Protein chains: 2
Amino acid sequence: MPTQTRRERAREERRTLILRAARDLAESEGWDAVTTRRLAEAVDYSQPVLYGHFKNMDAIADAVALEGIEELTDVFRAARSSAKDDTAGLRALAHAYLDYADQHPAVYEAMFVRRTDLQFGRSETPASLIDAFNQIRSAVEPFGTGDAETLTEVFWSSLHGLATLTHGARLRPTHREARVDLLVARFSGTFPPAAAE
Amino acid sequence: MPTQTRRERAREERRTLILRAARDLAESEGWDAVTTRRLAEAVDYSQPVLYGHFKNMDAIADAVALEGIEELTDVFRAARSSAKDDTAGLRALAHAYLDYADQHPAVYEAMFVRRTDLQFGRSETPASLIDAFNQIRSAVEPFGTGDAETLTEVFWSSLHGLATLTHGARLRPTHREARVDLLVARFSGTFPPAAAE
DNA sequence: CTAGATTGTCTAGCAGTGCTAGGATCTGAC
DNA sequence: GTCAGATCCTAGCACTGCTAGACAATCTAG
């Protein structure tokens, strides 16, 4: 009997259980509420069990971040696939990005705000992260004249800035659509218009 | 004898002493290292003294943030005053912003990253914060066609995104200048160029 | 079926955190 | 010199991340 496999499967299930609990807790009460005790209580095990799966609390947040990045690539793909031209593609990607950040603020925070051990732009970078970056790159590249990598970084930064400042209540709660319109116009080259009122 | 004034002056001095210590500690070891005990030790008082000046630790970070915002307006003013035209002004402001974030990462974090009780875009917003926002607005407004407020928010978001992603090691450590060039080009309308190689 | 080794899990505890109640001490007014 | 009031500190609470060591369940071998 593959008793080893059963064990490993059970172990894997418990790991996802922990991640699920961490994510739910973070989304409902913020990462500050994700403590070892509350997390252990949520999965109905003692605290040391957590350390059998993850090196420390930060590693749990990193794992949630990885999940989120994979989701994000799917969201990007879906958004871009239904766009009729490059400009619509860029706009769709921008909206998809900001919507995701809005709907999963804790996951977004784990991905792009919290200090993380995840490697960005290196050889050990997770494939899904590279994938997500390339999605942005493909969307913005048609409007570039020089280094596509730099263009991608700048456009991503703009989206990231909008996402975080919005979430931190540092921008007006209104004018959301107008901000995206403006950003896309500046990057898609549909600016300046011939003569705007 | 104005014993009351002397007392109040001593009180004020101690307050700035606390802020100075908090800022130094945050810049050298990060905000996580700024604990009540370490801070109290740095100013050579016991922890409860801190609470005589500030409601809690977050209020200390907020006070540091306010200091930073005032510095930032000065930095903006200096940068823009030495620019020969609007485009140069925008570029100078962008560089000044990113340089400040780079040189004072902890203060920047207190201002625009950490959760804060500071009010943004409301009637109770500190004057220096409005001032800083208006500096950005003045710099980018010449290149706007519609709502200047929205334009300012978007440009600021882009700068903020660049600052935070750079600091979090999520962008390439190189190409810093190229990113600023590209951003300024997109916002100043010097894009698309007639025919770029 | 039993003995022993391995694996899994928990209890209890350490050193640290923000924050505060209460008592001690020091200052200045009369 | 006495006494009220301001000032400050000691000690403690409830929490945090994390871990050592005891205990129990499970699998392996004879």
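The values are calculated or read from the model by the stated rules, or taken from the named source; none is laboratory data. Just so we're clear, the structure is a prediction, and the values are computed from it rather than from any experiment. Here the Cβ is made from the backbone with ideal geometry for all residues, glycine too, and neighbour counts use every protein chain on show. All accessible areas refer to the heavy atoms of the entire protein, side chains included, with ligands and DNA or RNA removed. Shrake-Rupley method; radii C 1.70, N 1.55, O 1.52, S 1.80 Å.
Give me the percent of the accessible area of the range B:1-60 that comes from carbon and sulfur atoms, probe 1.4 Å, all protein chains in place.
48
Classify the range A:1-54 as rounded, prolate or oblate from the Cα gyration tensor: take a ≥ b ≥ c as the square roots of its eigenvalues, call it rounded if a/c is under 1.5, otherwise prolate when a/b beats b/c and oblate if not.
It is prolate, given that a/c is not under 1.5 and a/b is the larger ratio.
How much net charge surrounds A:ALA79 when only the other residues with a Cβ under 11 Å from the Cβ of A:ALA79 are counted, with Lys and Arg +1 and Asp and Glu -1?
Values: positive: A:ARG77, A:ARG80, A:ARG91; negative: A:ASP74, A:ASP99.
Its environment carries a net charge of +1.
Would you kindly state how much longer the chain becomes between B:ARG38 and B:LYS84 on full extension, computed as 0.36 nm times their sequence separation minus their alpha carbon distance, in nm to one decimal?
Working it through step by step, the gained length comes to 11.8 nm.
Could you give the C-alpha radius of gyration of chain B expressed as a fraction of 2.2 N^0.38 Å, taking N as the number of residues it contains? Provide the component values of the computation, followed by the final result.
Details: Rg = 19.8 Å, N = 197, 2.2 N^0.38 = 16.4 Å.
Dividing the Cα Rg of chain B by 2.2 N^0.38 Å gives 1.21.
Give the nm distances, rounded to one decimal, from B:PRO142 to the matching residue in every other copy, measuring between label points 7 Å along Cα toward the beta carbon; shortest first.
Between copies, matching label points for B:PRO142 lie 3.3 nm apart.
Can you compute the charge dipole magnitude of the range A:1-54 about its Cα centre, using +1 on each Lys and Arg Cβ and -1 on each Asp and Glu Cβ, nothing else charged? Give it in debye, rounded to the nearest 20.
Using only the charged Cβ atoms, the result is roughly 340 debye.
How big is the charge dipole of the protein assembly as shown about its Cα centre, in debye rounded to the nearest 20, if each Lys and Arg gets +1 on its Cβ and each Asp and Glu gets -1 on its Cβ?
Charge dipole, the protein assembly as shown, about its Cα centre: 740 debye, nearest 20.
Nothing charged except the Cβ atoms of Lys and Arg (+1) and of Asp and Glu (-1): what's the magnitude of the dipole of chain A about its Cα centre? Round to the nearest 20 debye.
That gives a dipole near 380 debye.
For the protein assembly as shown, what is the accessible area per residue in Å², given a 1.4 Å probe and the full set of protein chains?
Numbers: 20040 Å² over 394 residues.
For the protein assembly as shown, the solvent-accessible area averages 51 Å² per residue.
Return a whole-number percent for the relative contact order of the range A:1-54, with Cα pairs under 8 Å and 6 or more residues apart as the contact set.
27
Going by Cα centres, the range B:20-55 and the range B:91-115 are how many Å apart?
Comparing the Cα centres of the range B:20-55 and the range B:91-115, I get a distance of 22 Å.
Using the Cα centre of the range B:1-149 as origin and beta-carbon charges of +1 (Lys, Arg) and -1 (Asp, Glu), tell me which of B:LEU72, B:PRO126, B:TYR51 is placed farthest towards the positive end of the dipole.
Value: B:TYR51.
Which FRET efficiency value, to the nearest 0.05, do you get for A:SER28 and B:ASN56 by plugging their Cβ-Cβ distance into 1/(1 + (r/R0)^6) with R0 = 25 Å?
That pair, A:SER28 with B:ASN56, gives E of 0.60.
At B:ARG11, label 7 Å along Cα→Cβ: distances to the other copies, nm, ascending?
Here the equivalent label points are 6.1 nm apart from this one.
When a/c is below 1.5 the answer is rounded, else prolate if a/b is larger than b/c, else oblate, so apply that to the protein assembly as shown with a ≥ b ≥ c taken from the square roots of the Cα gyration tensor eigenvalues.
oblate
How big is the range B:89-131 along each principal axis, measuring the range of its Cα positions in Å and listing the largest first?
Computed over the range B:89-131, the largest-to-smallest principal extents equal 30, 24, 11 Å.
So how much accessible surface do A and B hide from each other in total, probe 1.4 Å, in square angstrom to the nearest 100?
Numbers: alone 11750 and 11760 Å², together 20040 Å².
Looking at A and B, the buried total is near 3500 Å².
Let me have the relative contact order for the range B:1-152, percent, based on Cα pairs under 8 Å that are six or more residues apart.
With pairs under 8 Å counted, the relative contact order is 21 percent.
For a test of the definition: using alpha carbon positions, the gyration tensor, and the 1.5 limit on a/c, classify the range B:117-197 as rounded, prolate or oblate. All intermediate terms of the calculation are to be shown ahead of the outcome.
Values: a/c = 3.25, a/b = 1.35, b/c = 2.41.
Oblate is the answer for the range B:117-197, as a/c is 1.5 or above yet b/c matches or exceeds a/b.
Inter-copy label distances at B:SER81, 7 Å along the Cα→beta-carbon direction, one decimal in nm, shortest first?
Reported distances to equivalent positions: 5.7 nm.
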